[in-house]
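J.: I have a structure here, written as structure tokens, and I will follow up with some questions on it.
The values are calculated or read from the model by the stated rules, or taken from the named source; none is laboratory data. These numbers were taken from a predicted model, which means no experiment stands behind them. FYI the Cβ positions are ideal-geometry reconstructions off the backbone, even for glycines, and counts take in every protein chain you see. Remember, those area values only see protein heavy atoms, side chains included, never the ligands or the DNA or RNA. Shrake-Rupley method; radii C 1.70, N 1.55, O 1.52, S 1.80 Å.
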Amino acid sequence: MEFTPYGIRGGNDKEDTEEKAMKKTVGFIGLGIMGKPMAKNLLKAGFPLVVFSRSKGPVEELVKEGALSAGSPREVAERSEVIITMLPDSAEVKEVILGQDGVITGVKPNSVVMDMSSINPMVTREIAPVLKKKGVEMLDAPVSGGETGAIEGTLAIMVGGEKAVLENSMEILKAMGKSIVHVGEIGAGGFTKLVNQIIVALNIATLGEAFSLGVKAGLDPQAMFQAIRGGLAGSRVLETKAPMIFERNFKPGFKVKLHHKDLQNALSSGKELGVPLPLSSLVQQIFVSLMSKGKAESDHSALATFFEELAQVEIKAG
């Protein structure tokens with residue numbers, strides 16, 4: 001036998017089967033860049049998994065690894081105790097949970113719906129009471145860490161909802177994330193994610209603007225990076241995104257179009273709450289510019305190219 005983060009794993013198939021039977025069946029809806037590796041980590045942790053996604057390829061891939069496929073969100077809910085959604089935006093989440101043949105049409109009382117998408121938290125607060133009427137609890141648990149964090153199971157997960165519900169779901173979340181923090185009532189997870197996305201977007205924009213200045217002055221970007229990374233300007237964004245910009249690697253870990261969507265949700269929430277977000281508005285418009293130039297699918301580090309074009313430089317190492 002060997003000890004694992006989830007208990008004692010047996011050395012034979014019978015004990016493995018018994019351990020799996022003790023775990024809650026998880027339904028996972030949405031197998032995109034983030035959702036697919038998150039679902040794979042649930043399988044690796046021994047959770048029985050039922051999956052649904054509009055794209056058939058990821059479903060087939062997960063089935064080969066041990067998941068069961070469902071034909072609709074309703075079927076996922078009928079066959080699961082905890083239903084996770086990882087979808088592009090508010091409209092998709094609302095449709096999948098509350099729409100025709102949605103989760104609400106098949107979910108059982110005492111189940112938990114955990115939305116890990118990045119959406120407008122005002123929409124989350126519309127959905128939760130409808131589920132509550134059916135005896136179903138909801139957590140909003142958006143994530144940060146990008147595709148790498150999803151693959152490695154090291155996501156930062158910010159959770160809104162009842163603390164007791166979170167505690168009962170902690171084993172599931174630990175299979176996908178390293179930092180799991182309860183931030184308040186339902187919707188608080190989404191608001192925290194918007195705060196995160198504002199900070200990340202503005203930081204990347206700052207990298208583009210600042211390094212464009214340095215390169216225009218004739219400096220080597222790699223030398224500047226080494227000089228400033230240990231000071232107050234050092235950050236996780238600098239460490240992660242500057243090398244991508246230097247290498248001209250804009251393969252998406254998090255897409256321009258998705259960060260644009262997140263800032264749009266931040267601006268909508270700010271309007272409803274009476275909070276001006278002038279810097280967020282500016283960067284959101286820069287994302288619009290990038291999308292109009294065919295960069296919607298690029299990594300959000302492509303923000304730097306907007307400033308490069310203005311300065312007529314390229315932030316390239318070597």
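J.: How large is the charge dipole for the chain, taken about the Cα centre, if only the Cβ atoms of Lys, Arg (+1) and Asp, Glu (-1) carry charge, to the nearest 20 debye?
T.: Dipole about the Cα centre, nearest 20: 280 debye.
J.: Roughly what % antiparallel, to the nearest 5, for the DSSP beta bridges in the stretch 35-185? Before the final figure, lay out each step's value.
T.: Details: 3 of 19 bridges.
The antiparallel proportion sits near 15 percent.
J.: Still on this model: Short version: ³J(HN,Hα) in whole Hz for each residue of the stretch 255-263, in order, from phi by Karplus 6.51 cos²θ - 1.76 cosθ + 1.60 (θ = phi - 60°), x for Gly and Pro, what are they?
T.: 7, 3, 5, 6, 6, 4, 4, 5, 5
J.: Taking R0 as 41 Å, what FRET efficiency do you get between Glu60 and Gln285 from their Cβ-Cβ distance, rounded to the nearest 0.05?
T.: Efficiency, rounded to the nearest 0.05: 0.55.
J.: Pull out the extension gain between Glu209 and Gln100, defined as 0.36 nm times the separation in residues minus the alpha carbon to alpha carbon distance; nm, one decimal.
T.: 34.6 nm
J.: Report the label-to-label distance for Glu171 and Lys24 in nanometres (one decimal), using points 7 Å from each Cα along the Cα→Cβ vector.
T.: Reported label-point gap for Glu171 and Lys24 is 1.0 nm.
J.: Could you list which residues have their amide H under 5 Å from that of Leu68, counting only those 5 or more apart in sequence or on another chain, with H placed in the peptide plane?
T.: Hits under the 5 Å cutoff: Leu49, Val50, Val51.
J.: Among DSSP beta bridges lying fully in the chain, give the percent that are antiparallel, nearest 5.
T.: 25 percent
J.: OK, next. Which of the lysines could a cross-linker bridge to Lys132, judged by Cα under 19 Å and excluding same-chain residues fewer than eight apart?
T.: Within reach: Lys94, Lys108, Lys163.
J.: Tell me, what HN-Hα J-couplings in whole Hz come from the Karplus equation 6.51 cos²θ - 1.76 cosθ + 1.60 at θ = phi - 60° for each residue of the stretch 61-75, using x for Gly and Pro?
T.: Values per residue, Gly and Pro as x: 5, 5, 4, 4, 9, x, 7, 10, 9, 10, x, 6, x, 4, 5 Hz.
J.: With only alpha-carbon atoms counted, please give the Rg and Dmax of the stretch 43-154, in Å.
T.: 13.8, 37
J.: Compute the FRET efficiency between Ala91 and Lys293 as 1/(1 + (r/R0)^6), taking r as their Cβ-Cβ distance and R0 = 30 Å, and round to the nearest 0.05.
T.: For Ala91 and Lys293, the calculated efficiency is 0.75.
J.: Quick one: grab the alpha carbon gyration tensor of the stretch 139-202, order the square roots of its eigenvalues as a ≥ b ≥ c, and give me rounded if a/c is under 1.5, else prolate or oblate depending on whether a/b is larger than b/c.
T.: It is oblate, given that a/c is not under 1.5 and a/b is not larger than b/c.
J.: I've got another one for you. Quick check for you: with a 1.4 Å probe and neighbouring chains kept, what is the accessible area per residue of the chain, in Å²? Mind dumping the intermediate values first?
T.: On the way: 15030 Å² over 318 residues.
Ligands and nucleic acids excluded, the result is 47 Å² per residue.
J.: Sorting Glu65, Glu147 by accessible area (1.4 Å probe), largest first, what list results?
T.: Ranking Glu65, Glu147 by accessible area, largest first, yields Glu65, Glu147.
J.: What full-extension length gain, to one decimal in nm, is calculated for Lys133 and Arg79 as 0.36 nm per residue of separation minus the Cα-Cα distance?
T.: 17.4 nm
J.: Then there is this: Can you pull a Stokes-Einstein diffusion coefficient for the stretch 188-318 at 37 °C (0.692 mPa s), Rh from Kirkwood over Cα pairs, as a whole number of µm²/s?
T.: So the translational diffusion coefficient is about 218 µm²/s.
J.: Looking at this model, which pairs from Lys271/Lys293; Lys255/Lys293; Lys241/Lys316 are more than 20 angstrom apart at the alpha-carbon?
T.: Values: Lys271/Lys293 28 Å; Lys255/Lys293 14 Å; Lys241/Lys316 13 Å.
In this structure, Lys271/Lys293 lie more than 20 Å apart at Cα.
J.: Here's something else I'd like to know. Tell me, what is the FRET efficiency for Glu314 and Arg236 to the nearest 0.05, using R0 = 25 angstrom and their Cβ-Cβ distance as r?
T.: E(calc), rounded to 0.05, equals 0.55.
J.: Further question: Sum -39500 (n - 2.57) across every DSSP H segment of at least 4 residues in the chain, then divide by the residue count to get the 222 nm mean residue ellipticity, nearest 500.
T.: -16000 deg cm²/dmol
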